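The values are calculated or read from the model by the stated rules, or taken from the named source; none is laboratory data. Owing to the predicted nature of the structure, the values given are computational and were not obtained by experimental measurement. Virtual Cβ from ideal backbone geometry, glycine too; neighbours counted across all protein chains shown. We work out accessible area using only protein heavy atoms, side chains counted, and drop any ligands, DNA or RNA first. Shrake-Rupley method; radii C 1.70, N 1.55, O 1.52, S 1.80 Å.
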Amino acid sequence: MRVIPCLTPVKAAPRPARQTAGMDERHFHRASAADRSWHDAMRALPALLAAAPHRLMFFAGASAIIVSMLWWACVLGGDRIGLAVPSAPVPAGWAHAVFTQYGMLAPFIFGFLLTVFPRWMAQPPLRRRAYVPVFAGLFGGYLLAHAGLLGSRALLLAGTAAMLAGWLAGLFALGGVLARNGARDRHALSCFVALVLGACGLASFGAFALGAPWPFAYVSIRLGTFGFLLPVYFTVCHRMIPFFSGNVVGPGYRAFRPRWSLPLLWALLVLHLALDLSHRQDRLWLADLPLAVFFLVHWIGWQPWKCMRPGLLAALHIAAAWLPVAFALYAAQSLLAWSDHGFLLGRAPAHALTVGFFGSMLVAMVTRVTQGHSGRPLQMGRIAWLTFGLLQLVALARLHAELATDAPRWLALSAAGWVVAFLPWVARALWIFLTPRVDGKPG
């Protein structure tokens, strides 16, 4: 009898139980290890971010660069793209001026000063308990206040109060360093006085948001520019630009850092504020013309023609060139008003100062600090140069908006241009602040 083979398919023999279990176990351990690594990294992130004051505060400032200007771009151009932005509880233009100064730029200033104050005065670094409250108050309050700009006066007030609390914590921390030094460091003293005026300006805006008359908002904006930001920026430039330049150029460089600079600067700024707050804008040239000469003398004294390499140093000198330009425009504006020609330049002088100088110097100085304090080479890099170059175009576009026939369009383009210019720089900076130093050192 023939045996006919069975045509029914035979199931493949199962893998040995030991082999299958081993593969599943290895997969499980790999997944578990990845999960543990991710969770460990997340748990370590707050400590890493708080490892140095500049990490925390620069993280806040970099985030605010996008938040502030994205909101403002939507306010200016939302109607053109069909985007309805809720009305702010205070005039949007005043909120823009206040929160870019006290909420966007201030964290960078606190981050820098909380880092360098002890170094300038040969003291140990500040501990976390000194600077973490500054971050929590300033950045937490800033985010809360910006949420309030979408239509909630209560959130706006709460956020402003938290910002002021963080600001006062910063004054307490820096004031302790200054007091232990006996206030002998003139650069530190100049910066501290500017921070005190900044606290007064922020409190003034808080009073306005609570219902005080409009001059409180006006005082806040003017103190922010001429009592807080400009004195801090120039004081740091006065100390650091000659220092950086001398280190690079060498013996052929003569550091220009006269002792009369800071007293004269403060005298002229006090005169400017006195005339401005008394609404004598037609006499502002009495302060602004000398200030234009003052800044030009210093820019020439810093010998930029010797400092065009490397890029980080060149960017500092290029940014500083906006100072005499801005105050030449301020002086021209006031002289036009004095001769009964009106304020033909509009807000062009203010934006030459804020976008041109403050913005450009921010990119140059923060890039330098970020590179050095993350263990990276002191190089400008393609991303920083891209942002720096685009920012020059944004500043020119913003100045052009004051003279253009289609001013609203140029205003919206300038605000959007700021976001586009800063986005790659901010993304890279945030990554650096959220990762350890590449050289393995703490901080």
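Is there a residue in segment 346-367 that is on the phi < 0 side of the Ramachandran plot, surrounded by fewer than 21 Cβ atoms within 10 Å (Cβ to Cβ) and hydroxyl-bearing (Ser, Thr, Tyr)?
No, every residue in segment 346-367 fails to be on the phi < 0 side of the Ramachandran plot, surrounded by fewer than 21 Cβ atoms within 10 Å (Cβ to Cβ) and hydroxyl-bearing (Ser, Thr, Tyr).
One residue is enough: does segment 100-114 have a residue meeting the conditions aliphatic (A, V, I, L, M) and either more than 23 Å from Thr370 (Cβ to Cβ) or not in a helix (DSSP H, G or I) (or both)?
No, that holds for no residue.
Restricting the search to segment 107-140, which residues are open to solvent by less than 30 Å² (accessible area, probe 1.4 Å) and β-branched (Val, Ile, Thr)?
Ile109, Thr115, Val116, Val134
Mind listing whichever residues of segment 322-345 are small (Gly, Ala, Ser) and buried (at least 16 other Cβ atoms within 10 Å of the Cβ)? Let's see the steps before the verdict.
Taking segment 322-345 and keeping what is small (Gly, Ala, Ser), we get 326, 328, 331-332, 334, 337, 339, 342.
Listed by number, the residues that qualify are Ala326, Ala328, Ala331, Ala332, Ser334, Ala337.
Looking only at segment 239-260, which residues are in a helix (DSSP H, G or I) and open to solvent by 20 Å² or more (accessible area, probe 1.4 Å)?
Of everything in segment 239-260, those that are in a helix (DSSP H, G or I) and open to solvent by 20 Å² or more (accessible area, probe 1.4 Å) turn out to be Arg239, Met240, Phe243, Phe244, Gly246, Asn247, Val248, Val249.
Could you list, in sequence order, all residues of segment 338-355 that are among the aromatic types (Phe, Trp, Tyr) and assigned to a helix (DSSP H, G or I)?
Trp338
Residues that are more than 20 Å from Phe244 (Cα to Cα) and in contact with a Gly (Cβ under 8 Å, 6 or more places away or on another chain), at least 2 per element: which helices (runs of 4 or more DSSP H) completely within segment 356-443 meet that?
381-401, 407-433
Between Ala207, Ala188, Ala212, Ala194, which is open to solvent by 10 Å² or more (accessible area, probe 1.4 Å), of a type in the set (Gly, Ala, Ser), assigned to a helix (DSSP H, G or I) and at negative phi?
Ala207
Report every pair of residues separated by at least 6 positions or lying on different chains whose Cβ atoms are under 8 Å apart, first residue within segment 253-269 and free of Cβ contacts under 8 Å to residues at least 60 places away in the same chain, second hydrophobic (A, V, I, L, M, F, W, C) and exposed (fewer than 13 other Cβ atoms within 10 Å of the Cβ).
Correct list of pairs: Ala255/Phe243.
Only one of Leu155, Leu143, Leu150 is within 17 Å of the chain's Cα centre (by Cα) and open to solvent by 60 Å² or more (accessible area, probe 1.4 Å). Can you tell me which?
When all the criteria are applied, what remains is Leu143.
Name the one entry in Leu390, Leu403 that is out of contact with any strand residue (DSSP E or B) (no Cβ under 6 Å at 6 or more places or on another chain) and surrounded by 14 or more Cβ atoms within 10 Å (Cβ to Cβ).
Of Leu390, Leu403, the one residue that is out of contact with any strand residue (DSSP E or B) (no Cβ under 6 Å at 6 or more places or on another chain) and surrounded by 14 or more Cβ atoms within 10 Å (Cβ to Cβ) is Leu390.
Would you be able to say whether some residue in segment 194-201 is aliphatic (A, V, I, L, M) and farther than 20 Å from Pro231 by Cβ?
no
Somewhere in segment 35-54, is a residue at pLDDT below 60, open to solvent by 60 Å² or more (accessible area, probe 1.4 Å), charged (D, E, K, R) and assigned to a helix (DSSP H, G or I)?
Yes - at least one qualifying residue is present in segment 35-54.
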